[in-house]
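Reviewing the structure listed below.
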Amino acid sequence: MAPIRHAFARVMRSLVMKFTLLCGIILVAATAVLMGIEFQLKRADNSAAALRHAELITELFASNSSAYVRVRNDARLASVVDQFAARDDVTAVYAADVNRRVLATTGPADVAVGDRAADHLVQSALGAVDTRIETIGEIIRVAEPVFHEGRLVGAVVATVPLSAVAEPASAIMTRQFLMALGALVVFLPLVAFLIAKALAPVRSLTEAARLASSRKLDLRIDVQTGDELEVLANAFNRMFARLDASVKRVHRLAYVDMITELPNRERFRKELEQVARDAAEHNCEGALLFLDLDRFKRVNDSLGIGEGDRLLEAVGRRLREAARAWDLANGDTSAGPSMVARLGGDEFTILMPRLRDASDAARLARRVIDAVRRPFEISGHQVFLGLSVGAAVFPRDGADPETLLRHADLAMAAAKRDGGNACQFFESSMNQSAFERLVLENELREAVREDQLVVFYQPKVGMVDGALSGAEALVRWQHPTAGLLSPGAFIQAAEECGLIGEIGDWVLRRACKEAAGLMLKGHSVPVAVNVSAMQFESETFADTVLDALQESGLPPEMLELELTESTAMRDPERVIKQIEPLREMGVTFAIDDFGTGHSSLSYLTRMPFDVFKIDQTFVRDMSNDDHARVVVETILALAKSLKLKTVAEGVETAEQYAQLRGLGATLAQGYLFGRPMPMDELERFAEPESGSSVG
């Protein structure tokens, strides 16, 4: 049964078969009903015909035997009876006189000659002088009065079987069944053909739906039936068009960067995975270039996000043009053209599917660096950017996208640390460096939690009398195993892992507290604290400074905050807004490393600063470099005209000290006077008898 059931189920999956079967069932049912109706009508017609036939036979018998019944000629009457009884359509017949006495009989009659017939049919016929008929099962009995010369002389009774004069019911049923079967054989294939033709549009719709499920949506169903199927097909076409547009939009959102119109990270990762696999299979090499823009954040902060997006779009266009030009001039495009993608932020990538040698990657990197270094015109401003490039060669440096991206990123970071606008290839030692940096970041987080940081102070002395006039707070790390570490060993890691703000706030509080403690011991030494860009950009910067002063009890005029020139000039209006409330309380502000950044003279006249700190590179070179000496003289002249103090950093020789004093510098700071020292040593340094004066 199971195979039959399965075969039936497979057949019934077809709409044509279902509708054909349904039409067949309807046709059979209709034929059966019609056969039943025809059978009943035929039976009625047969019965009526049989009655008429029986009545005619009996009338004929009565007419032929009337003379013999009148004269009682039994012999002739018996002959006539026998003749009639010999017919196929008569089974029994007898004749009786008016007194119902049987004169002649033949066949299976219940009377004999000479008997008085008790048949009610004979009595009724003689009594009513009319024909009487009755049907008993499959026989018809007819009693007919016999007249001779107008006088009633008797009656005859004939028994006629229905089968003799009517078609049997079985024959009727057989004929009708054969006719119905013939109709099914002839018409069902025709019905199936017509249904298949009518359902052809449905097959088109089904095939379209199947193709749509396999993501083929750029199709159109052509149905012109003028009925609901055409309406449905048009609805399908509209639905497919909208789905196709939606899928393309989703694909675009999923794989295209909306700002630059370049492939995004996910699209690039998929392409890199395929290309790296092909390169490994064909024993070829390709390269991944990881690009990071230098100074983009500064431009983005200055011009705003909208202009920053326009700048990214322009960068993406240049990178695409440079890669295309490289492919046309030098590239091996047998594996496809180079792909430029934007990973996010100011990070881009270039995939080179095939390399002739590793120098191809270096040459393309140089080409894109040169393309990005050309000035960009954004809203009337000329914008200059740099580009750091890291290169990873596959399959040598990795075979999967994650590994290649990580290695290229490490190489890019190395290029950026070397000053940018250069390309670095990945080396295995970079993994070790990255691991060591990760360990350093984890240890640094622990150092902040475990209070392993300490503050050292480098003295500042007056140029006129050499007396102690202040100190700069410098953070140190008392590492559990490596000993005392200077900022150069961990500050960059702190910036990269986001701890620089937390460390800066800690130094500010500690310096204020220790300077206040020094005041209680009778030494009023102003303390200068460096402020990182992350600290200064915080909305709560002013509150943090006020809290540190309030907690320590240090007078505001004893605190000096140092901002780098690049931080001060990043957003001058915001700097003024941040600084002014604190200056009004008495806190002083200094521009650190002045002369190394890009200050605007129009802003310098408005900036609420009190001190210029001359970078130690100029101080160190001023004795043997005329350019450095001119820079120092210019800074001192500018400070004098703006009525600002100056601090010369990195003073290490008496000659430098004398030159700076002659040029009018206010304060000096450097190894000539003292190295960074703990607070207890600074306290001894501040004692008059310590000999700190350099007069």
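Key figures
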quantity: Matching residues in the range 457-473 - criterion: being surrounded by fewer than 20 Cβ atoms within 10 Å (Cβ to Cβ), more than 13 Å from GLY670 (Cα to Cα) and not acidic (Asp, Glu); calculated: VAL464, ALA467
quantity: Residue list for the range 434-489, filter: acidic (Asp, Glu) and over 42 Å from the mean Cα position of the chain (by Cα); calculated: GLU450, ASP451, ASP465, GLU472
quantity: Members of the range 512-545 found to be in contact (Cβ under 8 Å) with a residue 60 or more places away in the chain and exposed (fewer than 15 other Cβ atoms within 10 Å of the Cβ), listed by number; calculated: LYS521
quantity: Residue in the range 314-327 that is at pLDDT below 80, crowded, with 17+ Cβ neighbours inside 10 Å and farther than 30 Å from MET569 by Cβ present; calculated: no
quantity: Evaluation of ALA548 against (1) out of contact with any Cys (no Cβ under 7 Å at 6 or more places or on another chain); (2) assigned to a helix (DSSP H, G or I); (3) touching a residue at least 24 places away in the same chain (Cβ under 8 Å) (one fails), failing number; calculated: (1)
quantity: Matching option when the condition is within 28 Å of LEU485 (Cβ to Cβ) and either buried (at least 21 other Cβ atoms within 10 Å of the Cβ) or β-branched (Val, Ile, Thr) (or both), among THR646, THR666, THR617, THR634; calculated: THR617
quantity: Exclusive hit being buried (at least 18 other Cβ atoms within 10 Å of the Cβ) and either modelled with pLDDT under 80 or touching a Pro at 6+ places or on another chain (Cβ under 7 Å) (or both), set ALA67, ALA86, ALA50, ALA96; calculated: ALA50
quantity: Condition met for GLU633 (under 21 Å from GLU472 (Cα atoms) and either modelled with pLDDT of 85 or more or of a type in the set (Ser, Thr, Tyr) (or both)); calculated: no
quantity: Condition check for PHE394: in the same structural domain as GLU273 (by TED's automatic domain parsing), at negative phi, of a type in the set (Phe, Trp, Tyr) and buried (at least 23 other Cβ atoms within 10 Å of the Cβ); calculated: yes
quantity: Index of the failed condition, GLY553 passing every other in (1) touching a helix residue (DSSP H, G or I) at 6+ places or on another chain (Cβ under 8 Å); (2) crowded, with 17+ Cβ neighbours inside 10 Å; calculated: (2)
quantity: Helices (runs of 4 or more DSSP H) within the range 284-393 that include 2 or more residues more than 21 Å from GLY419 (Cβ to Cβ), out of contact with any strand residue (DSSP E or B) (no Cβ under 9 Å at 6 or more places or on another chain) and of a type in the set (Asp, Glu); calculated: 305-329
quantity: Residue that is farthest from ILE614 (Cα to Cα) [pool: residues in the range 631-658 that are assigned to a helix (DSSP H, G or I) and in contact with a Gly (Cβ under 7 Å, 6 or more places away or on another chain)]; calculated: LYS640
quantity: Hits in the range 474-483 (condition: assigned to a strand (DSSP E or B) and either surrounded by 20 or more Cβ atoms within 10 Å (Cβ to Cβ) or in contact (Cβ under 8 Å) with a residue 12 or more places away in the chain (or both)); calculated: LEU474, VAL475, ARG476, TRP477, GLN478, HIS479
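Yes/no matrix, rows are residues, columns are (1) among the hydrophobic types (A, V, I, L, M, F, W, C); (2) within 19 Å of GLU321 (Cβ to Cβ):
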{"site": "ARG366", "(1), (2)": "no, yes"}
{"site": "SER379", "(1), (2)": "no, no"}
{"site": "PHE384", "(1), (2)": "yes, yes"}
{"site": "LEU387", "(1), (2)": "yes, yes"}
{"site": "ASP400", "(1), (2)": "no, no"}
{"site": "LEU405", "(1), (2)": "yes, no"}
{"site": "ALA413", "(1), (2)": "yes, no"}
{"site": "GLY419", "(1), (2)": "no, no"}
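The values are calculated or read from the model by the stated rules, or taken from the named source; none is laboratory data. From a predicted model like this one, the values you see are computed outputs, not experimental measurements. Every residue, glycine as well, gets a Cβ built from its backbone with ideal geometry; the counts of neighbours run over all protein chains shown.
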